[in-house]
Amino acid sequence: MTNSSGNTKPVYQIAVLAGDGIGVEVVDATLPLLERLQALHGFSLQLDSHPAGALHYRDTGQSLPEASFAAARAADAILLGAMGWPEIRYPDGTEIGPQLELRVRLDLYAGVRPARAIPGVPSVLSDARAGQIDLVLVRESTEGLFASRETGTVENDSIARDTMVITREGSRRVHEFAFRLAERRRARGRSANSVTCVDKANVFRSMAFFRKVFDEVASTHPDVEARRHYVDATALDLMRKPWSFDVMVTENMFGDILSDQAAALMGGMGMAPSGDIGDDHGLFQPCHGSAPDIAGQGKANPTACFLSAAMMLDWLAERHGDQRLADAAARLEAAVDAAYADGGLRPFELGGADGTVAIRDAVLARL
Ligand code: ATP
C-alpha cells in the first residue's frame, strides 16, 4: 500500500497527548511497544509528551495550551490517550474536550473507526460469523448535524432548532477518503470490497444530496462496489450481519451513534481504536474516555491504544511511502491478535483478571 516515490523521514515527530485518567495509563503502556518496533524495523520516532486535558485545566486554567496545540500541529502525527473528567467543567457547564478543538482546528474531517473481530476475544454476538467482522466506519467530522453545535436556537422557550449542513466539498472529500480506504484494503487482500453510504436520503434533502455526491465519487472508483443503506436499516444490520460490511461512510451525527455500536462489536471500549484524519494531520486515540471509575487501579485495557498506534504507523507509512512503518503496524496488530488467540489474555473489562501491565507484557512478548 505504500508508494515507491515516498519521502521517508529519518525521524518522525509524534506529539503525545496522554490527557486524563486511564488515557495516561494506556499511553504509558503503548510507548514501550513503539520503542520495540523502532528497534525491530529500523525507523525512528521522536515521541514528545505535551500537557492537555481536564486536570491540566483545573491546575492551570488551560485545557489545550497553545504550545501543546502548536506541537500537535507541527508533528507528523498525534497520539492521544483520553481527555475529560466529569467534575471538571468550563464555567458554562460544558465538558472539557480538547479533542474536539483539535479536530476543528486541524480540519480532521474523517473519523475512522475500524471494528474487527480479534480471535479469542469474546464476541457480543453469538453467530459464528461474528468472527468474520472486519469493517471500517468513516464518520464525516466537520459538518452534518454538528454544524450547529454552537449556533442552535431556542425561541421563547417553546421551539428549538439545530440545522443539518451538508456541503458538496465536505461530502466529496470524505467519500473520496472512504473509496481510497476501500482500495487499500483490497490491495491487502480483502475480497468482498465495498463502500456503503449510510444516510436518510428517503426523507431529508441534505441526505439525498450527501448520497448524490457519493454517487458522483463512486463513479470515479468503478473498481469498488458502491452500496447505499438507510441509517435505520444500518443500525439493524450492524447487529444482524455486521460481517457483510466493508467500508461505511456517513454523516457526523449518524457516525457518532453508529461508531459506538461498531466499538461494541470489538468486544469492549478498551478494544476499539480510532483515527481522526485530515489532508494534513492525523490524530489517533482509543475510542474510550478517561474512565474515572477505574483510573489509577491498573485495570485499564490498553489494547485500543495499541491498535490506534498501529493505525498511526500505517497512516504515516502511506503518507511517506515508508514500508518499515507499514511492516511495524502489521506486526503490532499481529502481536495483539496472537496475545488474545494463544495467550488466553482476559482484560478486567471482559471479565478477566489481566490489568494494563499484563496486557502490555503479553503483546510485547509477541512482537
Ligand atoms: P466519555 O464520557 O468521554 O465517553 P467515559 O470514560 O465516561 O468517557 P467510556 O469511555 O464510554 O466513558 O467508558 C465507560 C466505562 O467503560 C468506563 O467508565 C470504564 O468502566 C469502562 N472502560 C472504558 N474504557 C476502558 C478500558 N480501556 N479498560 C477498561 N475499562 C474501560
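The values are calculated or read from the model by the stated rules, or taken from the named source; none is laboratory data. Here the structure is a predicted model, which is why all the values come from computation and not from measurement. All Cβ positions, glycine included, derive from the backbone under ideal geometry; neighbour counts span all protein chains shown. Ligands, DNA and RNA are stripped out before the accessible areas are found, and what is left, the full protein with its side chains, is counted by its heavy atoms. Shrake-Rupley method; radii C 1.70, N 1.55, O 1.52, S 1.80 Å.
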Could you list which residues have their amide H under 5 Å from that of Arg227, counting only those 5 or more apart in sequence or on another chain, with H placed in the peptide plane? Val195, Thr196, Cys197
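Pull out a ≥ b ≥ c, the square roots of the eigenvalues of the alpha-carbon gyration tensor of region 236-308, then state rounded if a/c is under 1.5, prolate if not and a/b is larger than b/c, and oblate in the remaining case. Could the numbers behind the result be given before it?
Working: a/c = 2.10, a/b = 1.33, b/c = 1.58.
Verdict is oblate for region 236-308.
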Built amide H within the under 5 Å cut-off of Ala18, gap 5+: His50, Gly81
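Kirkwood Rh over alpha-carbon pairs of the chain, then Stokes-Einstein at 4 °C and 1.567 mPa s: what D in µm² s⁻¹, rounded to an integer?
On the way: Rh = 21.0 Å.
Calculated translational D: 62 µm²/s.
In region 46-143, what GluC sites (Glu not before Pro) fall in a loop by DSSP, with at most 13 other Cβ atoms inside 10 Å? Could the numbers behind the result be given before it?
Values: sites: Glu66, Glu87, Glu95, Glu101, Glu140, Glu143; in loops: Glu87, Glu143.
Loop-located and lightly packed - Glu87.
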From the phi of every residue in region 285-292, what ³J(HN,Hα) in whole Hz does the Karplus formula 6.51 cos²θ - 1.76 cosθ + 1.60 yield, where θ is phi - 60° and glycine or proline is x? 7, x, 5, 6, x, 7, 6, x
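Treating the beta-carbon of each Lys and Arg as +1 and of each Asp and Glu as -1, no other charges, what is the dipole magnitude of region 10-89 about its Cα centre, to the nearest 20 debye? Don't jump to the answer; show the numbers that get you there.
On the way: 4 positive and 9 negative charges, 26 e Å.
Using Cβ point charges on Lys, Arg, Asp and Glu, region 10-89 gives about 120 debye.
With every protein chain present, what is the per residue accessible area of the chain (1.4 Å probe, Å²)? Please list the in-between numbers first.
Values: 15450 Å² over 367 residues.
Each residue of the chain exposes 42 Å² on average to a 1.4 Å probe.
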Mind running the shape call on region 224-349? Use the C-alpha gyration tensor, a ≥ b ≥ c as the square roots of the eigenvalues: rounded below 1.5 for a/c, prolate if a/b tops b/c, oblate otherwise. oblate
One checks the Cα atoms of region 149-285 and finds Rg and Dmax, in Å, of 16.3, 58
Paramagnetic reach from Ala160 in region 95-126 [backbone N under 19 Å; point 7 Å along Cα→Cβ]: 95-96
Can you list the HN-Hα couplings for region 172-187, worked out from phi with the Karplus curve (6.51, -1.76, 1.60; θ = phi - 60°), rounded to whole Hz and with x for Gly and Pro? 4, 5, 6, 5, 4, 4, 5, 5, 5, 4, 4, 5, 5, 5, 5, 4
Using modelled amide H (1.01 Å from N, peptide plane; none on Pro or chain starts), what sits under 5 Å from the amide H of Ala115, excluding residues fewer than 5 places away? Leu135, Val136, Leu137
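Working from the pairwise distances between different alpha carbons, so that the mean of 1/r is found and then inverted, what is region 102-146's Kirkwood radius in Å? Let's see the in-between values first.
Numbers: mean 1/r = 0.0786 Å⁻¹.
Computed over region 102-146, the radius equals 12.7 Å.
Under the 0.36 nm per residue contour assumption, what length would be gained going from the current alpha-carbon distance of Asp92 and Glu225 to full extension? Please list the in-between numbers first.
Numbers: separation 133, 0.36 × 133 = 47.88 nm, distance 4.67 nm.
Net length gain for the segment: 43.2 nm.
Could you tell me whether region 288-367 comes out rounded, prolate or oblate from its Cα gyration tensor? Rule is a ≥ b ≥ c as square roots of the eigenvalues, rounded for a/c under 1.5, then prolate if a/b exceeds b/c, otherwise oblate. Don't jump to the answer; show the numbers that get you there.
Values: a/c = 3.21, a/b = 1.66, b/c = 1.93.
Oblate shape, in that a/c is at least 1.5 and b/c is the bigger or equal ratio.
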Calculated from backbone phi, Karplus (6.51, -1.76, 1.60) coupling profile of region 28-36 in Hz, x at Gly/Pro: 4, 6, 7, 4, x, 5, 5, 4, 4
Using a Förster distance of 56 Å, the FRET efficiency for Glu216-Ala353 (Cβ separation, nearest 0.05): 0.60
